[in-house]
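A short worksheet on the structure shown next.
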């Protein structure tokens, strides 16, 4: 037969364990995933009874709603992007409805500079708008080096190459003229002239300003969430019922 001392000790132990145990329903969620935009990208989503939480560092691919050109854009301007197909987890839970709008704000624009330095656009994203008109906080930045939108360096290289090729003809003409003056016009003079034009073209292509940042409507960029995006469960909005499996 248990002594009173042992009974009291057992009860105290049970009370202590109960007081330090978090109820199971506090962690009543399941983990799902969105399709990775990039290889090995973080893509976890927590699905709860009436909310879905897209965790920080998830990547989303969004599309420009209209043509964009850094040459005409201004700081403070709002730029709309869209998720025409919406967003659904791999497991099948709808997170964002079709036609969701993502709003970006231009923070800073660095114009093209000499020596082929391309324009830079700094943009932050602050909200999303459902087709129904509901607005939710959304904190994201472009998923690029230094979070900057700009043309590829290869585009600037292509511009320099175009200058080079374009002025090959000028160089060839100059070479022919030089050869004629010396009464020795011919292939050798053309070959001599082409490097002249090509060299001048390459030099001009390198020292001229870089390119503006341009995107046509429908072109996509990748953004990275800087904080959790908390959304209502789309499959629970009308019924207001517990939907977690």
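Points worth noting:
- When residues of region 208-225 are limited to those that are part of a loop (DSSP other than H, G, I, E, B) and crowded, with 18+ Cβ neighbours inside 10 Å, the one modelled with the lowest pLDDT: 210
- Number of residues in region 42-57 that are assigned to a strand (DSSP E or B) and in contact (Cβ under 8 Å) with a residue 60 or more places away in the chain: the value is 5.
- Scanning region 115-147 for residues that are assigned to a strand (DSSP E or B) and more than 24 Å from residue 55 (Cβ to Cβ) yields a count of 4.
- Note on region 58-90: among residues that are without any contact (Cβ under 8 Å) to a residue 40 or more places away in the chain and in a loop (DSSP other than H, G, I, E, B), the one that is surrounded by the most Cβ atoms within 10 Å (Cβ to Cβ) is 86.
- Within region 100-114, if we keep just the residues that are surrounded by 14 or more Cβ atoms within 10 Å (Cβ to Cβ) and within 18 Å of the chain's Cα centre (by Cα), the residue that is farthest from residue 43 (Cα to Cα) turns out to be 109.
- Listed by first and then second residue, the pairs linking a residue in region 113-124 that is on the phi > 0 side of the Ramachandran plot and assigned by TED's automatic domain parsing to the domain that holds residue 144 to a residue that is surrounded by fewer than 18 Cβ atoms within 10 Å (Cβ to Cβ) and assigned to a loop (DSSP other than H, G, I, E, B), with Cβ atoms under 8 Å apart and 6 or more places separating them unless they lie on different chains, are 116/208; 116/209.
- Which listed residue is modelled with pLDDT of 95 or more and closer than 19 Å to residue 225 by Cβ, from 124, 41: 124
The values are calculated or read from the model by the stated rules, or taken from the named source; none is laboratory data. Worth saying up front: this structure is predicted, and the values here are computed from it rather than measured. Note: ideal-geometry Cβ built from the backbone for every residue, glycine included; neighbour counts use all protein chains shown.
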